[in-house]
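The values are calculated or read from the model by the stated rules, or taken from the named source; none is laboratory data. Bear in mind that the values here come from a model prediction, so they are computed numbers and not experimental data. Cβ placement follows ideal geometry from the backbone for every residue including glycine, while neighbour counts extend to all protein chains displayed. These accessible areas exclude ligands, DNA and RNA; they are computed on the full protein's heavy atoms, side chains included. Shrake-Rupley method; radii C 1.70, N 1.55, O 1.52, S 1.80 Å.
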Amino acid sequence: IGEQRIVEVEYVTVSLNVQGNLGSGGGTTVSYVAGSNLSALRAVTIDGAGQAVYANNDSIANATVVGVTKNSATTGSPVSICTEGIITDNAWNWTKGPILLGTNGVLTQTPPGSGLVFLQVGRALTPTSMAVDVDIAILTI
């Protein structure tokens, strides 16, 4: 009538060490050398020398965001960058919704004016937390 099969299943346990911001829920973090003095909690891009510098909404090229800095860094020192995940800061006061790239890597919820790049860097989950999830840059007219 029917055929019986015995199948052996092997279970594998995978352990992930996911780094996150102090006080945050974790995420994906990379480290780059700072190409200039950088503040924490700013959007950054990677320059031609392979170093982290502030992203800017003045052009598509400058708005190629890698992520958000998790710490401040001086020129030539390492900076941790959250490329995806949740970051918290008690000084923030976000409204739920998109968080955008502003000037010099500043995170804002105010849409840019004409001729500037509209880039969603993430979204506010609570007044003091955001999910970093960089979107596609759009040049405004």
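The strands (runs of 3 or more DSSP E) located wholly in the range 44-113 that include 2 or more residues which are in contact with a Gly (Cβ under 7 Å, 6 or more places away or on another chain) occupy 52-54, 78-88. Here L41 meets each of (1) over 20 Å from V106 (Cα atoms); (2) at pLDDT 55 or above; (3) assigned to a loop (DSSP other than H, G, I, E, B) with one exception, condition (1). One residue stands out among those in the range 26-35 that are open to solvent by 40 Å² or more (accessible area, probe 1.4 Å) and modelled with pLDDT of 95 or more: the one that is nearest to D133 (Cα to Cα), which is V30.
When T108 is tested against (1) under 24 Å from V30 (Cβ atoms); (2) in contact (Cβ under 8 Å) with a residue 12 or more places away in the chain, just one condition goes unmet, and that condition is (2).
Test of understanding: among V18, V14, V7, which residue is closer than 15 Å to V132 by Cβ, surrounded by fewer than 14 Cβ atoms within 10 Å (Cβ to Cβ) and at pLDDT below 95? Exactly one of V18, V14, V7 is closer than 15 Å to V132 by Cβ, surrounded by fewer than 14 Cβ atoms within 10 Å (Cβ to Cβ) and at pLDDT below 95, namely V18.
Is there a residue in the range 59-81 that is open to solvent by less than 30 Å² (accessible area, probe 1.4 Å), more than 22 Å from T28 (Cα to Cα) and in contact (Cβ under 8 Å) with a residue 40 or more places away in the chain? No; the residues of the range 59-81 include none that is open to solvent by less than 30 Å² (accessible area, probe 1.4 Å), more than 22 Å from T28 (Cα to Cα) and in contact (Cβ under 8 Å) with a residue 40 or more places away in the chain.
Condition check ((1) in contact with a Ser or Thr (Cβ under 9 Å, 6 or more places away or on another chain); (2) of a type in the set (S, T, N, Q)) across all residues:
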residue: T28; (1), (2): yes, yes
residue: G48; (1), (2): no, no
residue: I60; (1), (2): no, no
residue: V65; (1), (2): yes, no
residue: P78; (1), (2): yes, no
residue: T95; (1), (2): no, yes
residue: L116; (1), (2): yes, no
residue: G122; (1), (2): no, no
residue: I136; (1), (2): no, no
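With respect to the conditions (1) modelled with pLDDT of 95 or more; (2) crowded, with 19+ Cβ neighbours inside 10 Å, P112 falls short on a single one, namely (1).
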